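Step one of this worksheet: look at the structure below.
Here, each number is a calculation from the coordinates, and none is a lab measurement. As the structure is a computational prediction, the values presented were derived from the model and not from experiment. Please note: Cβ atoms are built from the backbone with ideal geometry, for glycine as well, and neighbour counts cover all protein chains shown.
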Amino acid sequence: MTTTVKDVIKVLEDFAPKSYAFDGDPIGLHVGSMDSKVKNVMVALDVLEEVVDEAVEKNVDLIVAHHPLIFKPLKSIDTNSEKGRIVQKLLKHNISVYATHTNLDIASGGVNDMLMNQLNITDSEVLVQTGEDSLYKLVIYVPDTHEDQLRDALSDAGAGHIGDYSHCTFNMHGTGTFKPLEGADPYIGNQGDLEKVSEIKMETIVPASILDEVIKAAIEAHPYEEMAYDVFPEKLEGFTRGLGRIGKLDQPVSLKDFSEQVKEAFDVPFVRMVGDSSKTVKNVAVIGGDGNKYIHHAKVKGADVLITGDIYYHTAHDALGMGLSMIDPGHHIEKVMKTELAKILSERSHHLNVEYISSEKITEPFRLI
């Protein structure tokens, strides 16, 4: 089976929907075609010239990047400039580029969850709410022979995920009846004959944002010409989505000791610390990238310390004034997404003939002297 950029992006957007992104965030396809064939995908933090050279060397067909290649519209493509050379090389070697930015930050299991996992904080919640997915109950009737196939398809499409559990369904055995009429092409039975089939009534929970995709996946996995199903709105609280995460350490530690832990966890040569080094830290907030404008959210949520990059001088003073400590390990700690997203996409692409790798290039621009 031939895999295209469109096929890979569908898997990516099932995980980090475009609708999650901030308004004006230039996510999506930056270079190339959705119809281009893909065998090798490289996940990168930044699309710099050395990253493109790496992609050429490794016969990559698609680069999935966290930071968009084109943040502002290009007035020209001057091949004497770095940006122009990058675009020229990408087109010459038929390499497409797709950016997944704030939608990947916000997605469950995305960048901010990856950062929390690096700190061994596994029980966390959203720091800054940006939306909520209402829930639906999806009920599908499927013959016994295809029960497992349908359940796997639903789970792969994002249905039936509750907390740390997947494949969550409730199933009841029963008898389905139908009579194929003229023009029908039944999987079971013959035209004009009433059929009685042992079937499973399978119920699962689906977030509103992926309902259409889940139903489409179910229809593709279902053996019948016409799949029988019901959709019911749920009054249960939906899934909160948003930027950043906040959670608790297993044991309180001093700000100084925790800063050392952050330095080690993110494999950085130094961190900048704001606050009393002897202060006890228990509640930890994390925002990948530049989280300066969210110090008030962290304080209101009860954070003792906010970990984020690019801390401004005046923001540090404001945080001190409100009793919030801060740790700045740099913007580049988002590099964790390279290996983690490659792993996630690989696990979700078992139906595609494609290989995922992570870029080995270090795109941290700062050097210590």
Where both residues lie in the chain, what percent of DSSP beta bridges are antiparallel, nearest 5?
70
Expressed in angstrom, Rg and Dmax over the Cα atoms of the range 315-369 are 18.0, 55
Computed FRET value (nearest 0.05) for N171 with E347, which takes r as the C-beta separation and R₀ as 25 Å:
0.50
Contour minus Cα-Cα distance for D267 and V253 (0.36 nm per residue):
3.1 nm
Value at 222 nm in deg cm²/dmol, rounded to 500, when DSSP H runs of n ≥ 4 in the chain each add -39,500 (n - 2.57)
-8000 deg cm²/dmol
Under the 0.36 nm per residue contour assumption, what length would be gained going from the current alpha-carbon distance of T339 and I219 to full extension?
39.9 nm
Work out which GluC sites (Glu not before Pro) in the chain are exposed loop sites (DSSP not H, G, I, E or B, at most 10 other Cβ within 10 Å) and give the longest gap free of them.
1-181
Compute the Cα gyration tensor for the range 234-369, then decide on rounded, prolate or oblate, letting a ≥ b ≥ c be the square roots of its eigenvalues: rounded whenever a/c is under 1.5, prolate when a/b is larger than b/c in the other cases, and oblate in all that remain.
oblate
Could you give P(r) for the range 5-95, binned at 10 Å from zero, as whole percent values over all Cα-Cα pairs?
15, 50, 31, 4
Taking H placed 1.01 Å from N in the peptide plane, check which residues at least 5 places from S96 or on another chain put their amide H under 5 Å from its amide H.
L62, I63
What does the charge dipole of the range 9-93 about its Cα centre add up to, to the nearest 20 debye, if the Cβ of each Lys and Arg holds +1 and the Cβ of each Asp and Glu holds -1?
260
Expressed as an acute angle from 0 to 90° and rounded to the nearest 10, what is the orientation of the C-alpha long axis of helix 336-348 relative to the principal long axis of the chain?
10
Can you give the local net charge around I27? Use residues other than it whose beta-carbon is closer than 12 angstrom to its beta-carbon, Lys and Arg +1, Asp and Glu -1.
-3
On the formula 1/(1 + (r/R0)^6), with r taken between the Cβ atoms of N117 and K279 and R0 of 22 Å, the FRET efficiency rounded to 0.05 is 0.35
For the range 51-151, size of Cβ-based charge dipole, Lys and Arg +1, Asp and Glu -1, in debye:
720
Using θ = phi - 60° and the Karplus curve 6.51 cos²θ - 1.76 cosθ + 1.60, what whole-Hz ³J(HN,Hα) does each residue of the range 157-162 get, with Gly and Pro shown as x?
7, x, 7, x, 9, 10
Can you list the equivalent-ellipsoid semi-axes of the range 135-237, largest first and in whole Å, using the square root of 5 times each Cα gyration tensor eigenvalue?
27, 13, 12
How large is the dipole of the chain about the Cα centre if only Lys and Arg carry +1 and Asp and Glu carry -1, each at its Cβ, rounded to the nearest 20 debye?
1180
Past 24 Å, Cα to Cα, is the threshold; run K6/K338; K6/K89; K92/K361; K137/K201; K58/K216 against it and keep the listed order.
K58/K216
Computed lengthening from K58 to E237, 0.36 nm per intervening residue step minus Cα-Cα distance
59.9 nm
Pair D212, E50: separation of 7 Å Cα→Cβ label points (nm):
4.3
Gap in Å between the Cα centre of the range 53-80 and the Cα centre of the range 213-227?
37
With Cα springs under 10 Å, the Gaussian network model of the chain assigns the largest mean-square fluctuation among F270, F170, F258 to F170
Label model pair E364, E260: point-to-point distance (7 angstrom along the Cα→beta-carbon line) in nm is 1.9
What FRET efficiency would be calculated for the residue pair E147, N190, taking the C-beta separation as r and a Förster radius of 30 Å, to the nearest 0.05?
0.80
Between I307 and residues 5 or more places away or on another chain, the pairs with built amide H atoms under 5 Å apart involve A285, V286, I287, I327
Based only on the alpha carbon positions, what is the Kirkwood hydrodynamic radius of the chain, in angstrom?
23.0
Normalise the Cα radius of gyration of the range 283-326 by 2.2 N^0.38 Å (N = residues in it) and let me know the number.
0.96
³J(HN,Hα) computed for each position of the range 21-35 - Karplus, 6.51 cos²θ - 1.76 cosθ + 1.60, integer Hz, glycine/proline x:
5, 5, 4, x, 6, x, 7, x, 6, 9, 9, x, 9, 5, 8
Please turn the phi angles of the range 103-112 into ³J(HN,Hα) values with the Karplus equation 6.51 cos²θ - 1.76 cosθ + 1.60 (θ = phi - 60°), one per residue in order, whole Hz, x for glycine and proline.
5, 6, 4, 7, 4, 5, x, x, 4, 5
